[in-house]
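The values are calculated or read from the model by the stated rules, or taken from the named source; none is laboratory data. A quick note: this is a predicted structure, and the numbers were derived from the prediction, not measured. Glycine gets a Cβ as well: all are built from the backbone with ideal geometry, and neighbour counts include every protein chain shown. Areas reflect the complete protein model, heavy atoms only, side chains present, ligands, DNA and RNA absent. Shrake-Rupley method; radii C 1.70, N 1.55, O 1.52, S 1.80 Å.
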Amino acid sequence: MLYYILYNGTEVGPMTAQQIMAYNVTQDTPVRTSMSSQWTPLYAWPELMQMLGNRPGAAPVKDKNLAGILALLVGGLGVQYFYLDRVGAGLVTILLTTVTCGFWQTLMFVQGIIMLCMNQEEFERKFVNSPKFLPIF
């Protein structure tokens, strides 16, 4: 079966499932076939989801909602960064919260709101796949 994906706002395809895995796709990447005009998330295609999970070095998808809620509730402790496997950023957040007498926690609360308002792809680009040591906004 040949698939099309929406990648960075551009339709790419037709291509096989193996070719799709060469792109930085997530479970929420829009996919369709040549026989359908309706875009559906990649997770609706069992063959693609199986391949996505079997990619070498494939990291589990981090949930933006959970990260946002963690930032809202305990952001001053850097828990959202620990959840995102950014231990150094979590430790720096604890230090900054202590040094700023809790003001940094207010910034982390705002960060939680921003995380909850963005879509999953933007969240992964800014917080999960970002080369920044301490991604804030």
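What number of residues within segment 108-120 satisfy the criterion of being open to solvent by 50 Å² or more (accessible area, probe 1.4 Å) and either touching a His at 6+ places or on another chain (Cβ under 6 Å) or modelled with pLDDT under 95 (or both)?
Matching residues across segment 108-120 total 1.
Give all pairs with beta carbons closer than 6 Å in which a residue from segment 7-36 that is open to solvent by less than 60 Å² (accessible area, probe 1.4 Å) meets a residue that is of a type in the set (D, E, K, R); count only pairs at least 6 apart in sequence or on separate chains.
Ala17/Glu47; Met21/Arg55
What is the one condition in (1) loosely packed, with under 15 Cβ neighbours inside 10 Å; (2) farther than 20 Å from Gln120 by Cα that Asn65 does not satisfy?
Failing condition for Asn65: (2).
Name the residue, out of Gly78, Gly90, that is small (Gly, Ala, Ser) and touching a Ser or Thr at 6+ places or on another chain (Cβ under 9 Å).
When all the criteria are applied, what remains is Gly78.
Give all pairs with beta carbons closer than 7 Å in which a residue from segment 86-106 that is more than 28 Å from Glu124 (Cβ to Cβ) meets a residue that is open to solvent by less than 50 Å² (accessible area, probe 1.4 Å); count only pairs at least 6 apart in sequence or on separate chains.
Gly102/Gly76
Would you say Thr97 is outside any loop (DSSP other than H, G, I, E, B) and either polar (S, T, N, Q) or in contact with a Lys or Arg (Cβ under 9 Å, 6 or more places away or on another chain) (or both)?
So Thr97 passes the test.
Return yes when Arg86 is basic (Lys, Arg) and more than 24 Å from Ile136 (Cα to Cα) and no when it is not.
For Arg86, the condition - basic (Lys, Arg) and more than 24 Å from Ile136 (Cα to Cα) - is not met.
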